[in-house]
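The values are calculated or read from the model by the stated rules, or taken from the named source; none is laboratory data. Predicted model, so just to flag it, every value in this text is computed and none were measured. Quick reminder, even Gly has a Cβ in these numbers, built from the backbone with ideal geometry, and neighbours come from all protein chains shown.
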Amino acid sequence: MTDPALPFQLGQVQLGNNAFEGQNNCYVLGADTDAGPTTLVDTGIAMPDTEAELREGLAAYDLTFADIDQILLTHWHMDHVGLAGAIQAESDCVVRAHEADAGLIEGNPEAEAESRETLERLVDEWGMPDDKREELFTFMELGEGGAGDTPDVEPFVGGATFDAGAIELEAVHLPGHAAGLAGYAFDGRDGRELFSGDALLPYYTPNVGGADTRVDTPLADYLETLAGIVRAGYTRAWPGHRGVIIDPVGRAADIVVHHRERTEKIVDYLRESGPADPWTVSAHLFGELSSIHILHGPGEAYAHLHHLEDADIVARNGREYALVASSPDLDDLFPDVSDLALRPGAIPGPG
Ligand SMILES: [Zn+2]
Ligand SMILES: [Zn+2]
C-alpha cells in the first residue's frame, strides 16, 4: 500500500502480528528512486510469520532484505526492532536509533542489566503480588525470541537529519512510552508529517509507566511530547500500529484530555478509599490483568501517582500514595489543549 497523494512514494507494509498493540507498520521510503538510501522505518517482531509477511510486503516494492540501505527505528520494543538484525545480516544496512534506546536494541549487557534492575525494583514498589510477578516474568521470558538477532546500531539525538531517498527525515525525540522514542518528521502534502512510532496511535493510548520503566517521570515526559506534537501542527501521523492519523493535533489533544480524566479518577479513588499502592489503583482502574498488561496496568497507575506526587497533591509513604490536597487544581499538571480535543473520554485503557 502507498499513499498516492504524496509527491514521493511512501510505502507501508502492515504486519498482522498480535503482539502488544498488534498490526505493526513497516514504512518504506526511497524504493522508487536511486537518489538516496532505501529506508525502512521500523521492522516488526522477529517471528517467522511476521518475517514472511515483511518479505512479501517488501516484494510489492521490488525489494528484498538485501536491498535495504538504512533502518530508522522508533524505539526499542521488540515489535518494532525485532527483524532489524535479520535485515542487517542480509544487507549490511545502517540501523539508527535514539541514543537512549540504542543500548537495549544492540543487546548491550550493561543497558539490559540496568533496565532489568529498574523493572524489578519498580514492580516491587508497585505492590505487585508474587503470583502476578511470576506470571509477568514468565510471559516476558517466553516472548524474548521476538527481539531477534541484535543489530549494530548508530545512535543519534533529536534534531538529527537523515536522507531517505526523495525526502529528508528529521528525528524528533518523543519520550514517555519509551525513553528513546523517536519520531521522524518530513515535508508532506500540506505541511509537516510525522512517523510517530508508539508516541501517537489511532485507537490506543500508548502505555506510559510500564512500557519502559527506565523513564523517571513518564507522564510528565509524555504530556510534553503530546504538547510538542500539538505545537508542531503535523498534518498527518504515520503510527507504529494500524492506519494513518489524519488529525495528529486533535489526536494528541484527545490523549491529554484522557490522561487528565484518568488522573481525576485516581484522585477520586484515593479520596474515597484512602492511601493505596499502584497495584491497587490499577485494579480499580483496569480490573484483573494478564500478559503484558500485568506490567502496563500498574505502570500506568504509577505514572499518574508519580505525576501527582511531583505536584504535592499526593504523598508517598512506602508503597502507598495518600491524597494530601483536599481539592487539588489539576490545571498546572496538564497542557491546556481541551479546545483541540475531538473525542474526550472515548479512549480505552490500559493500552
Ligand atoms: Zn512500544
Ligand atoms: Zn508498538
Scanning segment 46-80 for residues that are under 15 Å from the mean Cα position of the chain (by Cα) and within 14 Å of ligand 2 (Cβ to nearest atom) gives Leu73, Thr74, His75, Trp76, His77, Met78, Asp79, His80
Arg236 fails exactly one of (1) outside the structural domain of Glu193 (by TED's automatic domain parsing); (2) surrounded by 17 or more Cβ atoms within 10 Å (Cβ to Cβ); (3) of a type in the set (Lys, Arg), namely (1)
Flagged in segment 308-324 as within 22 Å of His258 (Cα to Cα) and either without any contact (Cβ under 8 Å) to a residue 24 or more places away in the chain or surrounded by 15 or more Cβ atoms within 10 Å (Cβ to Cβ) (or both), in numbering order, are Leu308, Glu309, Ala311, Asp312, Ile313, Val314, Tyr321, Leu323
Counting only residues in segment 21-36 that are hydrophobic (A, V, I, L, M, F, W, C) and assigned to a loop (DSSP other than H, G, I, E, B), the one farthest from ligand 2 (Cβ to nearest atom) is identified as Ala35
Restricting segment 1-20 to residues that are surrounded by 22 or more Cβ atoms within 10 Å (Cβ to Cβ) and within 16 Å of ligand 1 (Cβ to nearest atom), the one farthest from Ala59 (Cα to Cα) turns out to be Phe20
Counting only residues that are touching a residue at least 60 places away in the same chain (Cβ under 8 Å), away from ligand 1 (no atom under 11 Å from the Cβ) and crowded, with 24+ Cβ neighbours inside 10 Å, segment 197-221 contains a total of 3
Charged (D, E, K, R), farther than 25 Å from Leu58 by Cα and surrounded by 15 or more Cβ atoms within 10 Å (Cβ to Cβ): is that true of Asp79 in this structure?
no
ask   = Can Gly176 be described as within 16 Å of ligand 2 (Cβ to nearest atom), assigned to a strand (DSSP E or B) and either among the hydrophobic types (A, V, I, L, M, F, W, C) or buried (at least 16 other Cβ atoms within 10 Å of the Cβ) (or both)?
value = no
Looking across segment 98-150 at residues that are at positive phi and modelled with pLDDT of 95 or more, the single one that is surrounded by the fewest Cβ atoms within 10 Å (Cβ to Cβ) is Gly107
Discussion item. For the structure I just gave you, tell me whether Ala164 is touching a Leu at 6+ places or on another chain (Cβ under 6 Å) and buried (at least 16 other Cβ atoms within 10 Å of the Cβ).
Written reply: yes
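To keep it simple, each residue is scored yes or no on (1) in a strand (DSSP E or B); (2) under 19 Å from the mean Cα position of the chain (by Cα).
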| residue | (1), (2) |
| --- | --- |
| Ser196 | yes, yes |
| Leu200 | no, yes |
| Tyr203 | no, yes |
| Tyr222 | no, yes |
| Ala252 | no, yes |
| Val256 | no, yes |
| Asp268 | no, no |
The residue that is farthest from ligand 1 (Cβ to nearest atom), considering only those in segment 224-238 that are of a type outside the set (Gly, Ala, Ser) and in a helix (DSSP H, G or I), is Arg231
